[in-house]
1. Just the residues that are outside any helix (DSSP H, G or I), farther than 28 Å from Lys173 by Cβ, of a type outside the set (Gly, Ala, Ser) and in contact (Cβ under 8 Å) with a residue 60 or more places away in the chain, please, taken from region 82-121.
2. Restricting to region 120-150, name every residue that is more than 15 Å from Gly227 (Cβ to Cβ), crowded, with 21+ Cβ neighbours inside 10 Å and not aliphatic (A, V, I, L, M).
3. Restricting to region 215-252, what's the tally of residues that are over 20 Å from Val169 (Cβ atoms) and among the charged types (D, E, K, R)?
4. What number of residues within region 131-152 satisfy the criterion of being more than 17 Å from Leu191 (Cα to Cα) and not hydrophobic (A, V, I, L, M, F, W, C)?
5. Scan region 88-133 for residues that are polar (S, T, N, Q) and touching a Lys or Arg at 6+ places or on another chain (Cβ under 9 Å) and jot them down.
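Every number here is computed from the coordinates shown, using simple stated rules; none is lab data. Bear in mind that the values here come from a model prediction, so they are computed numbers and not experimental data. Every residue, glycine as well, gets a Cβ built from its backbone with ideal geometry; the counts of neighbours run over all protein chains shown.
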Amino acid sequence: MSDTQHSEPLQESEKSQKGDVAAKSLKARIVEEAKFFAGLAAIMLTLLTFVWGHFKIPSESMLPTLEVGDHLYVSKFAYGYSKHSLPLGMHHIPGLPEGKIFSRMPKRGDVVVFRNPNAGIIMIKRVTGLPGDRIRVLRGRLYINDVIVERENIGNYLYREHLGRKTGVDVYKEQLPGEKHAHEIYEQTDLGALDDTDVFTVPEGHVFFMGDNRDNSTDSRDPRGPGFVPADYLIGRADLMMFSFKRCKKEDGLRCPPFRALKPL
């Protein structure tokens, strides 16, 4: 009888100890999982700010390649890394060295995010001229090293700018020397303010940029634009448009871009 009386409290104590161990084990697992996901989030945040960059398109200067509101991921190591590749205004930190590590030049036709060396703002345009190139626009036609870049008219339409104005454009296919695939450009006219320029000879270590919306782009042709952009000011190559939402209401006779996602550039 006494053996039975003493055995029951012992069994309850064992159950209590096992319950405490299970509770501690569950709590430890939760803490471990939380630490894992926190570490994973920190790694992803680092990658998505220091290795890749996320940018949103604010203007029509790269239509039709990029629409207002498009969200891009940009490869920051495509042309090397400089202080201008750093996120969150960190390029202003005193004492950061000039220059770029693993530096290499882009290719003609690349869509590049860069910092305007004159205004300090971030811009996105297409590489048109590389060091030593002679660039000129004459009566609306682009010449690279004295050779005209051919273009093919594939249509025309009206679209409404994000500020409300209706704009009519001709749409052309164009392929720059060395570019793998043709891209589309817009032309409102061949008689615009930037449709007749002097010859620009691109200096060593610099890049010449133009927007795909040729008559609605402040680029290297424009005295108010970035001019020749030093390679150190290149932030990265825009490789992928992640997603975009409609920015306009459908109207008869006007082009309205649809939802798009995962579009290679």
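1. Glu98, Lys100, Arg115, Asn116, Pro117, Asn118
2. Within region 120-150, just Arg126 meets the criteria.
3. 4
4. 8
5. Correct list: Asn118, Thr128.
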